[in-house]
Each structure stands twice: as structure tokens, then as C-alpha cells.
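Following this message is one structure expressed as C-alpha cells.
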Amino acid sequence: MVSMIIKSLKYTLQGCLLLVGLFSMAQQDPQYTQYMYNMSVINPAYATEGDEINVGALYRSQWVGTVGAPNTGSLFVHVPLQEKIQVGLSVINDQIGNVVNETNVYADFAYILSLGETTKLSLGVKAGATFFNTNFNGFIYSDDLPDPAFANNLSKTFPNIGAGAYLFGDNYYVGLSAPNLLNSKHLEKDSGIVANGVEALHFFLTGGYVFEINEQLKLKPAFMTKAVSGAPLSLDLTANVLFNNVLEIGAGYRFDDAVTGLANFRISQSMRIGYAYDYTLSNLGKFNSGTHEIMILFDIDKLGNPKGYDKSPRFF
């Protein structure tokens, strides 16, 4: 009897989290703390100096300890083809418990305009598809009449496009993007009860600057603002300190949501690893032990040789 009650509470909470993610016009795109190193996923116009290939992966386990909490993994490859043309590929997998599985696969194209000796403007587009699946098998309902939205498993594919602009120089960047321009309806039911799950349009405004204190020390403030209809504006402020182009540590604040700490370390000329932790400040903090995020970055030239960080360090 006790085990049945526990399982019932478990699935009720999981269903509530699912409803938040699917049926509200609220924050839907995955959240990132190390966003400055995951930029090509957010903005198709993201561009880099030089001709090296950038490869990165990031995994985020959100609200650890909460039943049905989201887990997000992203992978990107960014390749300069010519002086003015850069392309990329990104894959983002977002899961809510064992119930919702959404995978986004996108190809990016960016064209770079020179606005001055060091200032450049990149305009980009992305196109791809979202693979959306739900699995309600095993749900135990506490209500006598289960929500009809959970009656059937779903497996759908939605095309999508995105656009962005990215202004950058030797020591700064500002980006504006909308990675998903099409409002895809994930769920729709018309039988006396109407339930909709819509992929809402998100806008991202990002920026960062590198202050060179001296040859060994650099200060790197950055921000990310996310706007979506029906939800409060999300604002991340981050300040990192880079030592000898090797060790980077920092702290951040997500307004009315979390405080964060992050660090990354250059293991070799071509590889960097990083970790971030979010401590939840909202009421949801009573039900989780925080959020963990890890990343790994590779910078390799087109011949397969490691990039020389001492010649051209990658700050963002």
C-alpha cells in the first residue's frame, strides 16, 4: 500500500512537470549556464576568427533530485569554409523524465560582412527538424478521470527554421537570434477538452567582452537575455576570470531563479573541459539539490592538428 502511494505521488509530480513543459506558453527552450561556449546552438550567425574547426558537447542535469526533472545534451560542429562563409551542425536532445524526448537537428549557415578593421557582422540562418516523442506507459493516475492529454503516446516530426545576427570584434560580441521561428503544435485535442502544447517563439540577446588586465589575467563579463511570450524575461549575468589562458573561474546570477558557479580548464592545446553548478533560489529549490552542467570543447585546424592557443586563444 505504501509503495503504491509513493508511486502515485511520483507519477503525479512527474505529470505536473510535464504539464509545465508542454501546455504552458512559458520557457520551453533548454537553459544553459555556460551559454558563452554553446553559442552556435543559440545563434546560427555565431562566427569565429581563424580557420579551425570547433567541436563542442554540453550536458545539463537540471533540478537534481526532482522526479521527472529535465536533462539536456547538445553537440555542435562549427567549420569556416571561406573568409566570409561559415557553416555548422547542432544536435540538442531534451528529456523530461522518461516521458518526453525531444531532439532538434539543425544545419547552420553564416555570411560574414566586414564593417571595419576588426569589426565584423555575421548574418545566419538555421534549418532542420524537431523529433518529438512521448511515452506515458506506466503512468499511475491519482484522479478518477485521467487527463485525456496523456491517453496516447506521440511521435511527431516538425520542420523548423531560425535566424540570427552576430556582431563581433577581437574582444567582444553581441548577438540577437530566434532559433525556432515556426510555432509547431506538439499536442492538440478537440473532443470537448482542448489541450495544446506549442513550441513558442524565443528571442535571445547575448553579449560578452574581454578586458585584458595584463598578459596573465583577463576579465570576461557576459550576459544572455531570453524572451518568450507568456513568461517573465530571463536574464543571466556572468563574470569570468581567465588566468594565463588556461584556467577560468566565474560566477553568475539568473534573475529570480539561481546563482551559479562555473570553471573550465584547458587540458591541452586543443581541448578544454568545464563545469557549472546552479543553486536554485526559487521555491523549487526546496525540492532539488541544484543543477549540474559539464562541457568539453575541441579546436582543431582543418589538417587535424591541434590549434595553437598561444597564437589565437578562443575567448567565447
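The values are calculated or read from the model by the stated rules, or taken from the named source; none is laboratory data. If you're wondering where the values come from, they're calculated on a predicted model, not measured in any experiment. We place every Cβ from the backbone using ideal geometry, glycine too, and count neighbours over all the protein chains shown.
Does residue 110 meet the test of being modelled with pLDDT of 95 or more, assigned to a strand (DSSP E or B) and surrounded by 16 or more Cβ atoms within 10 Å (Cβ to Cβ)? Talk me through it step by step, then tell me what you get.
Working: modelled with pLDDT of 95 or more: yes; assigned to a strand (DSSP E or B): yes; surrounded by 16 or more Cβ atoms within 10 Å (Cβ to Cβ): yes.
Yes; evaluated as a whole, the condition is true for this residue.
While we're looking at this one, here's another question. Do the conditions hold for residue 36, that is, is it at pLDDT 50 or above and closer than 30 Å to residue 182 by Cβ?
yes
Being free of Cβ contacts under 8 Å to residues at least 40 places away in the same chain and among the hydroxyl-bearing types (Ser, Thr, Tyr) is the filter here, so list the residues in the range 214-272 that pass it.
225, 253, 268, 270
Are there strands (runs of 3 or more DSSP E) fully within the range 124-200 with at least 1 residues that are loosely packed, with under 13 Cβ neighbours inside 10 Å, at pLDDT 90 or above and not β-branched (Val, Ile, Thr)? List them.
Correct list: 155-168.
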